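The values are calculated or read from the model by the stated rules, or taken from the named source; none is laboratory data. All figures in this text were calculated on a predicted structure; none of them were measured in a lab. Cβ coordinates were reconstructed from backbone atoms using ideal geometry, including for glycine residues, and neighbour counts include every protein chain displayed.
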Amino acid sequence: MAIRLSRRKIAGYIADRLLSTRDDGAVINELAGYLIDSKRTKELELVVRDVEYELQNRGVVLARVTSASDLTKTTEDAVKQLVQDNSGASKVYLKQFIDPGLIGGFRVDLPGHRLDATIARRLATLRANYKK
């Protein structure tokens, strides 16, 4: 039976291992094995968020970009630079999601932050300002 560790300790350990090894699969298997052994699989999403937060504290940001269509290389580079400038990260990894419901623009989700540059958000802001 595994020793019960706090999510913060688990996240710190996993972040350190991810940054120090090239075998991400082994680290993920280790985490999965621990969560299964300690019967904490329901906490997986929370642990992943905590790991992302710990990685951000170590200068590595995992950003989720949602857009209406695929980002061009130029746009992708601009988004990475925007995230670096706003977070102070040394490395930025983007995971892109396509949402056909977006009219245009993009939304970037970071651990604890969101940058919403979608057309829908701009229209909502204009509507709110117009009512005032």
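For this structure, a couple of remarks:
- Residue-level analysis places Ser87 among those that are of a type in the set (Ser, Thr, Tyr), modelled with pLDDT under 90 and within 13 Å of the chain's Cα centre (by Cα).
- Evaluated against (1) in a helix (DSSP H, G or I); (2) aliphatic (A, V, I, L, M); (3) surrounded by 16 or more Cβ atoms within 10 Å (Cβ to Cβ), Leu62 falls short on exactly one condition, (1).
- Any hit, the stretch 48-55, residues being within 29 Å of Arg17 (Cβ to Cβ), loosely packed, with under 13 Cβ neighbours inside 10 Å and touching a residue at least 12 places away in the same chain (Cβ under 8 Å): no
- Residues (in a helix (DSSP H, G or I), in contact with a strand residue (DSSP E or B) (Cβ under 8 Å, 6 or more places away or on another chain), surrounded by fewer than 16 Cβ atoms within 10 Å (Cβ to Cβ) and basic (Lys, Arg)) located in the stretch 76-132: Arg121, Arg122
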